[in-house]
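Chemist: One structure follows; several queries about it will come next.
The values are calculated or read from the model by the stated rules, or taken from the named source; none is laboratory data. Keep in mind that what you see is a predicted model, and the values were worked out from it rather than measured. Cβ placement follows ideal geometry from the backbone for every residue including glycine, while neighbour counts extend to all protein chains displayed. For accessibility, only protein heavy atoms count, side chains too; no ligands or nucleic acids. Shrake-Rupley method; radii C 1.70, N 1.55, O 1.52, S 1.80 Å.
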Amino acid sequence: MKQYKAVIFDLDGVITDTARYHYLAWKRLAESQGVPFDEAFNEHLKGIDRMGSLDLILAQSPRAFSDDEKLALATEKNEHYKELIATMSPDDLLPGAVAALDACRAQGLRIGLASVSKNAFTVLERLGITDKFDYVVDAATIARGKPDPEIFLKAARELGVAAADCFGVEDAVAGVASIKAAGMYAVGVGDAGILTQADVVIPDLRGFDPAKY
Ligand code: B16
Ligand code: MG
């Protein structure tokens with residue numbers, strides 16, 4: 001079996017359920033613009049960056065939006081999202097998350113985080129797990145969001161490990177596509193019927209065992 005040297009985790013929807021907070025903030029924003037919004041539509045936004053998500057939502061509106069209007073709407077959504085995550089604590093870690101990170105450490109793997117969220121550092125602090133990562137990608141430095149491989153390739157490079165020696169862990173279709181485009185093994189977290197491109201899918205991190213991949 002292949003011995004990987006590093007693991008690169010997604011944050012939202014894998015380690016913590018901020019996906020729920022993104023959903024609530026986008027739903028309020030979409031409905032304020034008369035655009036219907038539900039869980040199924042939200043699935044397409046997972047792993048997509050803020051402006052990309054807004055574009056997908058506004059594409060459903062009959063009217064066009066100027067760049068200034070879009071920036072104002074994105075800022076409004078982010079302010080609401082920041083209010084929601086301000087209440088987060090270590091209690092918001094998903095089941096199995098800390099054990100998964102500790103198992104990777106025990107296995108001697110380098111550990112990276114590849115979230116396209118510009119709020120990722122705040123969320124890690126609130127969860128109390130910042131020091132469990134060897135490297136966290138700053139989303140502000142990434143030009144192309146998921147499904148582009150840029151963010152996973154940057155994490156591998158900064159960890160000092162070849163992409164082929166890394167595996168990624170993701171809950172989003174776009175995120176799994178990003179891992180595969182980077183040439184890495186992909187562990188999907190969620191529904192195997194949705195994450196069809198993943199090499200293996202587990203329902204949540206309680207089923208995560210780095211020795212198996
Ligand atoms: P922000 P991930 C992604 O994080 C979320 O899945 C996605 O829903 C969100 O729009 C994106 O971060 C940007 O987040 O507005 O906080 O910069 O899944 O890559 O950890
Ligand atoms: Mg995610």
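Chemist: Find the residue count for the range 60-81, including only residues that are surrounded by fewer than 12 Cβ atoms within 10 Å (Cβ to Cβ) and over 24 Å from Thr18 (Cα atoms).
Modeler: 6
Chemist: Does Lys70 satisfy being modelled with pLDDT of 95 or more, touching an Asp or Glu at 6+ places or on another chain (Cβ under 7 Å), among the basic types (Lys, Arg) and away from ligand 1 (no atom under 11 Å from the Cβ)?
Modeler: Values: modelled with pLDDT of 95 or more: yes; touching an Asp or Glu at 6+ places or on another chain (Cβ under 7 Å): no; among the basic types (Lys, Arg): yes; away from ligand 1 (no atom under 11 Å from the Cβ): yes.
No.
Chemist: Between Leu29, Leu24, which is surrounded by 22 or more Cβ atoms within 10 Å (Cβ to Cβ) and either over 19 Å from the mean Cα position of the chain (by Cα) or not hydroxyl-bearing (Ser, Thr, Tyr) (or both)?
Modeler: Numbers: Leu24 fails: surrounded by 22 or more Cβ atoms within 10 Å (Cβ to Cβ).
Just one listed residue meets the conditions, Leu29.
Chemist: I need the full set of residues from the range 34-56 which are outside any helix (DSSP H, G or I) and either under 27 Å from Ala163 (Cα atoms) or touching a Ser or Thr at 6+ places or on another chain (Cβ under 6 Å) (or both), in order please. Walk me through how you get there before you give the answer.
Modeler: If we filter the range 34-56 for residues that are outside any helix (DSSP H, G or I), which is where we start, we get 34-38, 44-49.
Listed by number, the residues that qualify are Val35, His44, Leu45, Lys46, Gly47, Ile48, Asp49.
Chemist: How many residues does the range 186-213 hold that are among the hydroxyl-bearing types (Ser, Thr, Tyr) and either under 15 Å from the mean Cα position of the chain (by Cα) or open to solvent by 60 Å² or more (accessible area, probe 1.4 Å) (or both)?
Modeler: Restricting attention to the range 186-213, the residues satisfying the condition of being among the hydroxyl-bearing types (Ser, Thr, Tyr) are 196, 213.
Within this subset, residues satisfying the condition of being either under 15 Å from the mean Cα position of the chain (by Cα) or open to solvent by 60 Å² or more (accessible area, probe 1.4 Å) (or both) are 196.
Residues in the range 186-213 being among the hydroxyl-bearing types (Ser, Thr, Tyr) and either under 15 Å from the mean Cα position of the chain (by Cα) or open to solvent by 60 Å² or more (accessible area, probe 1.4 Å) (or both): 1 in total.
Chemist: Out of the range 104-139, which residues are open to solvent by 20 Å² or more (accessible area, probe 1.4 Å) and part of a strand (DSSP E or B)?
Modeler: Matches in the range 104-139: Arg110, Tyr135, Val136.
Chemist: More than 18 Å from the chain's Cα centre (by Cα), more than 23 Å from Ala198 (Cα to Cα), hydrophobic (A, V, I, L, M, F, W, C) and within 15 Å of ligand 1 (Cβ to nearest atom): does that describe Ala86? First the steps, then the outcome.
Modeler: On the way: more than 18 Å from the chain's Cα centre (by Cα): yes; more than 23 Å from Ala198 (Cα to Cα): yes; hydrophobic (A, V, I, L, M, F, W, C): yes; within 15 Å of ligand 1 (Cβ to nearest atom): yes.
Answer is yes for this residue.
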